[in-house]
Amino acid sequence: VWSRGVIVRMLKRVLEPEVMDTPEDATEYDSMDHSEVNRVFVDDLLAFAGAGGLTGRILDVGAGTAQIPIELCRRVADCSVLAADLSPSMIELARANVLTADLTDHISPELIDAKRLPYDDGAFQAVISNSIVHHIPDPTAVLAESVRATAAGGLLFFRDLLRPEDDAAVRRLVRHYAGNDTAYQRKLFDDSLRASLTLCEVRDIVTEFGFDPMSVHTTSDRHWTWQARR
């Protein structure tokens, strides 16, 4: 990439496995402290929803162990979330977490491929996701399916990691946010950062579907967010 006549070498994207499907992966992920990230995600989602709040069915694609659906349903009494993930190990833990949280009437973990959603057009009033995009080699299919499954006027709210500019930035983020985690958990975070997209790459994708590229914006030193109405 050229910047004022100087070549800036951006960190290349290095894919990680699309599905975190070993019991070790699922357990390590679930045991990491995502509470603050999840709280902020739900705060921002509810702020975007506005005075009307979240109504109707909600789809969380790449829901993992259902931590965000649980956080959301604890704060929105009449919330109904379908928590979709492609990993049987994640879904097994998600069902256990939902049961422990006493939210089985509100959250349904389902083994679903987000690239091929088995739902009608406009089936959901909101489609949300946290950190699925970096797992997908070509995220276009996931976003296309999410748009298709969102009702007219419904919400799309996606958040994921930003790919850092270089190795030093990766190491700095891992040290800052995962310095007290296990070596395996630090590796998971390192791999996820390297598999993530840049802001420009995400903006290019949403533009393909007719959305304003500026609906994607940086929301932390390691996250981008796309929020839009169908």
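Brief remarks follow.
- Residue among ARG172, ARG186 that alone is open to solvent by 40 Å² or more (accessible area, probe 1.4 Å), closer than 26 Å to LYS12 by Cβ and modelled with pLDDT of 95 or more: ARG172
- Residue count for region 136-145, restricted to those that are in a helix (DSSP H, G or I) and either more than 30 Å from ARG57 (Cα to Cα) or touching a strand residue (DSSP E or B) at 6+ places or on another chain (Cβ under 9 Å) (or both): 3
- The set of residues from region 80-95 being part of a helix (DSSP H, G or I) and either basic (Lys, Arg) or touching a residue at least 40 places away in the same chain (Cβ under 8 Å) (or both) comprises PRO88, SER89, MET90, GLU92, LEU93, ARG95.
- Screening SER35 on (1) open to solvent by less than 20 Å² (accessible area, probe 1.4 Å); (2) among the small types (Gly, Ala, Ser); (3) under 23 Å from SER192 (Cα atoms) shows it passes everything except condition (1).
- Selection within region 78-92: residues that are surrounded by fewer than 23 Cβ atoms within 10 Å (Cβ to Cβ) and among the charged types (D, E, K, R). The member of this set that is nearest to the chain's Cα centre (by Cα) is GLU92.
- Condition check for LEU54: in contact (Cβ under 8 Å) with a residue 40 or more places away in the chain and open to solvent by less than 60 Å² (accessible area, probe 1.4 Å): yes
- Among helices (runs of 4 or more DSSP H) entirely within region 4-79, having at least 3 residues that are under 23 Å from ALA144 (Cβ atoms) singles out 35-49.
The values are calculated or read from the model by the stated rules, or taken from the named source; none is laboratory data. Predicted model, so just to flag it, every value in this text is computed and none were measured. For neighbour counting, all protein chains shown are included, and Cβ atoms are generated from backbone atoms with ideal geometry for every residue, glycine included. Just so you know, the surface numbers come from the protein's heavy atoms only, side chains and all, with ligands and any DNA or RNA stripped out. Shrake-Rupley method; radii C 1.70, N 1.55, O 1.52, S 1.80 Å.
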